[in-house]
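Asks: Sharing a structure below in structure tokens format, with a few things to ask.
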Amino acid sequence: MTYANRTNHLKAEGAYAVLAKAQALEADGREIIHFEIGQPDFDTFPNIGLAGIQAISNGKTRYTPPAGTPAFRRAIAMDASKRRGIEISPEQVVVGPGGKPHIFFPTLALVNPGDEVIYPNPGFPTYEAMIGVAGGKPVPVPLVEENNFSFDLDIFDKLINEKTKLIIINSPSNPTGGIIPKVDLEHIAAAAKKYDYWVLSDEIYARIVYDGIGDAPSIYALPGMAERTIIMDGFSKTYAMTGWRLGYGIMPKELARRVGLLLTHSVGSTAEFTQDAGIEALTGDQAQITSVIAEYEKRRNIIVDGLNSLPGITCQKPQGAFYVFPNIRGLGKSSDKVANWILEEAGIALLPGTSFGEYGEGYLRLSYANSIENIERAIEKMSKILK
Ligand SMILES: Cc1ncc(COP(=O)(O)O)c(C=O)c1O
């Protein structure tokens, strides 16, 4: 049997492989503390869950227009306009099952075989996977610790050329938690206009930001960028809705039409009761988000201090998302070896930085969507094996 080449490069996400290994150890009776999976440990807020249940009771269980219900697209446009400080119309909004479709479908709609696509490395693995499916050439740009894990702009400048079709950015970032500062966004935007390329801005963590700095800045709001930018956003992280599968893209109308057609012929539509829950998420009480972020911030401070107290490890204090990306070069072993060793010896599941690309070598990623008690126990266990 033979298969189409376009799936040859696909790999499982590293987090699932580590989770499977950790679960095998748990099945043998070992206690494992989990820092590998990037999802909130909070339940979906009750008002949102209730809105979904009510929608099912009211028979909202049928197909909807592929790009989303008019009411939901309107609610997203209003919320996004307010947050990004720029007018966004409902026709620019495309709804889908999760944030991931808004990486996949715009990439398919924009990238021709051979086109170059610049993306962050270490970065969310779906970017490279989807560039490959579209037949594009993946061009990684290193994120550098010295620059708070923003792009290395010198390398970026050398990689852009006439063949560049799309650049993917993610701020705050998975896996580093870093935020791309406005000056760097301005640099990327200036190059986008000069070389006439598109920007896909993954803003799924835009509201999970600490130290009172407000939402992370969006490249979409910079002059001349709305016509060439796709915002990818969703409900999984901010509203603890990973399993609901609800996300959206914001893009110029013609691209929205094309992405809508890709949705028509692939997923068909997103569940209507899920979309109704999304309306409640956007228009209901937002105070719950503030308290969840305050809790993440406490955990971030504890995990960063704890990691910095360990020999051979240094850890920056990221200002967004719920990840830390400690530097483990001082241990003198590869990320993969260190991650395995910590799992086997200390019973702590975390990811090697290389799960996010080759420039993640020398780092680990921990998701601190876990209790303070577990974070403190994990640091204690790690300090025992590291001393
Ligand atoms: C950076 C980034 N983008 C997109 C997604 C996908 O989100 P969703 O679960 O809504 O598809 C994730 C989820 O881990 C992520 O970390």
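The values are calculated or read from the model by the stated rules, or taken from the named source; none is laboratory data. None of the values given here were measured: they were computed from a predicted structure. Cβ atoms come from the backbone with ideal geometry, glycine included; neighbour counts cover every protein chain shown.
Asks: Give me the residue from the stretch 293-343 that is outside any helix (DSSP H, G or I) and without any contact (Cβ under 8 Å) to a residue 60 or more places away in the chain and, out of that set, farthest from the chain's Cα centre (by Cα).
Replies: G332
Asks: Quick check, is S355 under 17 Å from the mean Cα position of the chain (by Cα) and assigned to a helix (DSSP H, G or I)?
Replies: Considered against the rule, which asks whether it is under 17 Å from the mean Cα position of the chain (by Cα) and assigned to a helix (DSSP H, G or I), S355 comes out as yes.
Asks: Also, quick follow-up: Just to be sure I understand, how many residues within the stretch 170-187 are surrounded by 24 or more Cβ atoms within 10 Å (Cβ to Cβ) and either touching a residue at least 60 places away in the same chain (Cβ under 8 Å) or of a type in the set (A, V, I, L, M, F, W, C) (or both)?
Replies: 11
Asks: How about the stretch 358-382: which of its residues are part of a helix (DSSP H, G or I) and at positive phi?
Replies: none
Asks: Moving on. Would you please list the contacts, defined by Cβ atoms under 7 Å and residues six or more apart or on different chains, that run from a residue in the stretch 23-44 that is assigned by TED's automatic domain parsing to the domain that holds A349 to a residue that is surrounded by fewer than 15 Cβ atoms within 10 Å (Cβ to Cβ) and among the charged types (D, E, K, R)?
Replies: As it stands, the answer is I32/E26, since those pairs meet every condition given.
Asks: Taking only the stretch 22-52 into account, find how many residues are among the charged types (D, E, K, R), assigned to a helix (DSSP H, G or I) and either in contact with a Gly (Cβ under 7 Å, 6 or more places away or on another chain) or surrounded by 15 or more Cβ atoms within 10 Å (Cβ to Cβ) (or both).
Replies: Qualifying residue count, the stretch 22-52: 0.
Asks: I would also like to ask the following. Looking at the stretch 92-151 only, could you name the residues that are modelled with pLDDT of 95 or more, in a strand (DSSP E or B) and either among the β-branched types (V, I, T) or not assigned by TED's automatic domain parsing to the domain that holds V259 (or both)?
Replies: V93, V94, V95, V117, I118, V139, V141
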